[in-house]
Amino acid sequence: MPLVTTKEMFKKAYEGGYAIGAFNVNNMELVQGIVEAGIENNAPLILQVSAGARKYAKHNYLVHLVQAAVEECNLPIALHLDHGDGFDICKACVDGGFTSVMIDASKYPFEQNIEITRKVVEYAHERGVVVEAELGKLAGIEDDVNVSAEDSCYTHPDEVEEFVSRTGVDSLAIAIGTSHGAFKFKGTPRLRFDILEEVSRRLPQFPIVLHGASSVMPEYVKIIEQYGGQMPGAQGVPEELLRKAASMAVCKINIDSDLRLAVTAAVRKHLYENPTHFDPRQYLAPAREAVKEVVSHKLIHVLGCNGKA
């Protein structure tokens with residue numbers, strides 16, 4: 001099965017009351033762990049690449065890693081650009097084999113966001129590639145995305161219809177209280193489901209996306225701290241809130257920090273227990289297995305997309 005776009009995935013997800021996991025990748029072990037979990041759970045997958053990942057691993061390496069994964073399985077897999085910050089990077093990914101791109105012009109005023117997004121949509125749609133955009137600003141840090149709490153803002157539901165109709169985007173990322181990174185909340189975590197409900201009322205049957213939706217799984221935070229790391233105050237989005245969002249209009253949930261935590265915990269633990277090991281295969285193998293465990297858990301207990309491939 002070749003790489004696919006997210007159109008059919010999202011249609012099935014919306015109708016079925018579940019979401020597709022969009023997992024960030026930047027090396028072979030992450031790709032392998034995610035895909036192995038997808039195979040075991042018969043789940044569709046979105047493998048997404050950030051601008052930072054393209055700088056680190058290079059575009060062609062990542063594309064060929066994902067293409068190798070497609071050859072190893074019979075799952076619907078989309079290759080997605082995460083947080084493209086301008087037309088040029090979106091164009092490079094459209095031209096370079098991606099089946100989906102995100103243009104994130106949310107830092108600009110509304111009219112400028114529309115102008116930039118529409119330009120990307122026109123170019124991508126002519127080449128069979130789907131486009132995600134963003135309204136509202138999520139706080140937090142992830143690769144090149146850095147938004148302070150003071151500069152973050154919720155999505156305004158009264159803007160979504162105009163934005164979608166004028167840009168022609170295929171899906172929309174909204175801000176309802178999630179944030180990037182592992183330090184998401186001070187106090188009790190909550191999501192603005194009232195905003196999600198109003199957005200879905202104004203955009204019926206339209207796929208909504210949640211960024212910054214890692215749960216910061218406490219078992220991995222505990223391991224990291226047990227073996228010398230420091231993560232005081234790390235707190236993610238409770239999984240029951242994400243499952244509720246997935247049962248509503250949210251068709252795509254982005255997961256990155258939980259994968260990073262799993263890898264870091266596995267590597268720290270292995271090297272602590274095996275201080276003479278120096279072969280990367282020895283400590284990256286448990287890291288890959290940890291990624292697989294995290295993704296399997298998410299597919300079943302958060303996204304609800306197991307068995308939906």
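Summarising the overall dimensions of the stretch 177-306 from its C-alpha atoms, the Rg and Dmax are 16.9, 59 angstrom. How many angstrom lie between the C-alpha centres of the stretch 35-73 and the stretch 242-280? Taking the Cα centre of each part, the stretch 35-73 and the stretch 242-280 sit 15 Å apart.
Cross-link reach is defined here as a Cα-Cα straight distance under 19 Å, omitting same-chain residues fewer than 8 places apart; for Lys292 the aspartates and glutamates meeting it are Glu29, Glu36, Glu40, Glu71, Glu72, Glu219, Glu239, Asp256, Asp258. Loop-resident trypsin sites (Lys or Arg not before Pro) (DSSP state other than H, G, I, E or B) in the stretch 18-125 with no more than 11 further Cβ atoms inside 10 Å of their Cβ: Lys58.
The mean accessible area for residues of the chain, using a 1.4 Å probe and ignoring ligands and nucleic acids, is 43 Å² per residue. Carbon-plus-sulfur accessible fraction, the chain (probe radius 1.4 Å, protein heavy atoms only): 50%. The lysines whose alpha-carbon is closer than 29 Å to the alpha-carbon of Lys119, local same-chain residues fewer than 8 away aside, are Lys7, Lys11, Lys12, Lys55, Lys58, Lys91, Lys107, Lys137, Lys252. Taking the convex hull of the alpha carbon positions in the chain and averaging its projected area over all directions gives 14.7 nm².
The values are calculated or read from the model by the stated rules, or taken from the named source; none is laboratory data. If you're wondering where the values come from, they're calculated on a predicted model, not measured in any experiment. With ideal geometry, Cβ positions are generated from the backbone for all residues, glycine too; neighbour counts draw on all protein chains shown. Ligands, DNA and RNA are excluded from the accessible area calculation, which covers all protein heavy atoms including side chains. Shrake-Rupley method; radii C 1.70, N 1.55, O 1.52, S 1.80 Å.
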